[in-house]
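All remarks here apply to the structure that follows.
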Amino acid sequence: MSTLNVANIQSLTTSTLPVIKDSAGTEKGQFVKTWVNFNGDTATIRDSFNISSLVDNGVGNYTLNFTVAFSNTNYCFTDSGDETNGGNRELNNVTQNTNSITFTVRGTNVSAFDPSTVCLAFFGD
């Protein structure tokens with residue numbers, strides 16, 4: 001097995017991320033393009049990559065603005081965070097734009113709430 005030690009991995013173009021391929025050249029994965037960990041109570045970003053700002057639009061409703069936009073709105077995301085307000089948490093009313101995403105955090109009882117922890121990771125072009 002070989003070990004690759006480099007300081008940077010750079011794509012050949014500015015519009016695409018590097019891909020991970022097997023020895024046959026088959027694409028096996030991509031790097032995460034954007035991620036964030038924020039406090040919904042205070043609308044404060046704890047840490048992030050490719051997030052320029054967080055907007056608190058009201059109870060449980062947030063807009064994340066991307067530093068570098070996606071090439072289309074077909075990107076995928078996954079989320080996690082605290083599961084207060086009834087034991088479960090889900091994102092509703094999601095609006096995906098190339099340069100931002102807006103969503104509402106709701107609990108089991110369908111009420112919007114400000115969770116103490118929201119984490120999201122985004123994948124796409």
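How much of the accessible area of the chain, in percent, comes from carbon and sulfur atoms when a 1.4 Å probe is used? If you can, show how the numbers build up before the last one.
Numbers: 3680 of 7530 Å².
Roughly 49 percent of what the probe reaches on the chain is carbon or sulfur.
What is the mean projected area of the alpha carbon convex hull for the chain, to one decimal in square nanometres? Intermediate values should be presented prior to the final figure.
On the way: hull surface 38.5 nm².
Across all orientations, the chain yields a mean hull projection of 9.6 nm².
In terms of its alpha-carbon gyration tensor, the range 1-63 comes out prolate; a/c meets the 1.5 threshold, and the first ratio a/b outweighs b/c.
If R₀ is 30 angstrom, what is the calculated FRET efficiency for the pair residue 59 and residue 95, using the beta carbon separation as r and rounding to 0.05?
Numbers: r = 17 Å, r/R0 = 0.57.
Working from the Cβ atoms, E equals 0.95.
With contacts taken as Cα pairs under 8 Å and at least 6 residues apart, the chain reaches a relative contact order of 27 percent.
Can you give the FRET efficiency for residue 121 and residue 1, using 1/(1 + (r/R0)^6), R0 = 41 Å, r = Cβ-Cβ distance, to the nearest 0.05? Walk me through the intermediate numbers first.
Numbers: r = 28 Å, r/R0 = 0.67.
After rounding to 0.05, the efficiency reads 0.90.
Approximating the spin labels as points 7 Å out from Cα along Cα→Cβ, the residue 69-to-residue 47 distance works out to 3.0 nm.
How much area per residue is accessible in the chain when the probe is 1.4 Å and only protein heavy atoms are counted (Å²)?
Accessible area per residue, the chain: 60 Å².
Relative to the Cα centre, the charge distribution of the chain, modelled as +1 at Lys and Arg Cβ and -1 at Asp and Glu Cβ, gives a dipole magnitude of about 280 debye.
The values are calculated or read from the model by the stated rules, or taken from the named source; none is laboratory data. What you see is a predicted model, and the numbers here were worked out from it, not measured in a lab. Heads up, the Cβs are rebuilt from the backbone with ideal geometry, glycines too, and the neighbour counts pull from every protein chain shown. Heads up: the accessible areas ignore ligands, DNA and RNA and are worked out on the full protein's heavy atoms, side chains in. Shrake-Rupley method; radii C 1.70, N 1.55, O 1.52, S 1.80 Å.
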